[in-house]
1. Suppose we keep only residues that are more than 15 Å from ligand 1 (Cβ to nearest atom) and part of a helix (DSSP H, G or I) within the range 190-222. Which one would you say is modelled with the lowest pLDDT?
2. Six or more apart or on different chains, Cβ under 7 Å: which pairs go from a residue in the range 23-34 that's in contact (Cβ under 8 Å) with a residue 40 or more places away in the chain to one that's hydrophobic (A, V, I, L, M, F, W, C)? Could you list them?
3. Tell me which residues, restricted to the range 34-53, are surrounded by fewer than 20 Cβ atoms within 10 Å (Cβ to Cβ) and within 17 Å of Leu88 (Cβ to Cβ).
4. If you go through the range 149-182, how many residues are outside any helix (DSSP H, G or I) and in contact (Cβ under 8 Å) with a residue 60 or more places away in the chain?
5. Give just the number: which of (1) of a type outside the set (A, V, I, L, M, F, W, C); (2) in contact with a strand residue (DSSP E or B) (Cβ under 7 Å, 6 or more places away or on another chain); (3) at pLDDT 95 or above does Lys68 not satisfy?
6. Can you find a residue that is among the hydrophobic types (A, V, I, L, M, F, W, C), in a helix (DSSP H, G or I), more than 16 Å from ligand 2 (Cβ to nearest atom) and under 19 Å from Ile10 (Cα atoms) anywhere in the range 49-65?
7. Looking at Tyr95, Tyr85, which one is in contact with an Asp or Glu (Cβ under 9 Å, 6 or more places away or on another chain), of a type in the set (Phe, Trp, Tyr), within 14 Å of ligand 2 (Cβ to nearest atom) and under 25 Å from Arg3 (Cβ atoms)?
8. Looking at Cys211 and the list (1) within 16 Å of ligand 2 (Cβ to nearest atom); (2) in contact (Cβ under 8 Å) with a residue 40 or more places away in the chain, which single condition is not satisfied?
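The values are calculated or read from the model by the stated rules, or taken from the named source; none is laboratory data. What you are looking at is a predicted structure, and each value in this text was computed from that prediction instead of being measured. Neighbour counts are summed over all protein chains in view; Cβ atoms, including those assigned to glycine, are modelled from backbone coordinates with ideal geometry.
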Amino acid sequence: MDRFNRISTIIIFFIYCAFLPVWIYNLTWVNALLAVGMYWFLADVVQGLFLHRWASHELWSPPSWLQKALSTISVFALSGNPIGYAALHRQHHKYTDTENDPHSPKHKGVWYVTSSLWRFEKIDPKRVADRLRVPYFISIGKWEGIIAITFNLLLFAIVYNTLGLQWFLTVWATPVALSIILINFFVNVALHKKGKPVDNKLVWPFAFSECLHGTHHYGPMKLNYNMWDPSGRLVSLFGWTKESLSYKDATSVPKYHRTP
Ligand SMILES: [Zn+2]
Ligand SMILES: [Zn+2]
């Protein structure tokens, strides 16, 4: 089932990538603005804030309904489920830029990392014991492929038949494809320069607060709540912050979250 999940989601992702030239050929300013808005939501909120900074590192405290909603959207958007994502990401922190890092550009290659093929790397369930306690995450992880295929086919059928192909590409397929390619490229490749995690504010338009990736690896590990972190500011606005992870008590972060 696990292999089926990974193969089916990566096939949909490759199909969406193949349609990028069609979308660009028919592009209008309205299409571009809508796709940018959706890209921000999928890249910064779903991948950055939820999968990375909550599912992997628990740096804020989303209510249970929001955990379920964002994990469902993440599976719809081919970004993975909280268990699988956290397992691979915690492995990335433990073995950063070594041969055991699931997406080290130095050891696995730029194409392998950018195309998301690293999601086929083996996961160690020991590292996600906390996430395995939530039955909803187990179910959504188990049925990830079926859920993603069903949702994407249904959405395509509805939008294609009502608004046409370009609208389906604008509001869904293009932002989904770009949120995977660009986050992989800018965070996992460009911000792991010469075998080391680095900061680079120039990649903010694509990676948002993840542009401070070197700081994230070496600590203090926390949300920023500043101008570089729009989704972190939303967390602050809604009162979902978690104050415990300041630099002083960074040792309270479990070992597998830290870069040696
Ligand atoms: Zn991380
Ligand atoms: Zn990293």
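1. The extreme case among them is Lys201.
2. The qualifying pairs are Trp23/Leu169; Leu34/Val171.
3. none
4. 0
5. So the condition that Lys68 fails would be (2).
6. no
7. Working: Tyr85 fails: in contact with an Asp or Glu (Cβ under 9 Å, 6 or more places away or on another chain).
Of the residues listed, the single one that is in contact with an Asp or Glu (Cβ under 9 Å, 6 or more places away or on another chain), of a type in the set (Phe, Trp, Tyr), within 14 Å of ligand 2 (Cβ to nearest atom) and under 25 Å from Arg3 (Cβ atoms) is Tyr95.
8. Of the numbered conditions (1) within 16 Å of ligand 2 (Cβ to nearest atom); (2) in contact (Cβ under 8 Å) with a residue 40 or more places away in the chain, the odd one out for Cys211 is (2).
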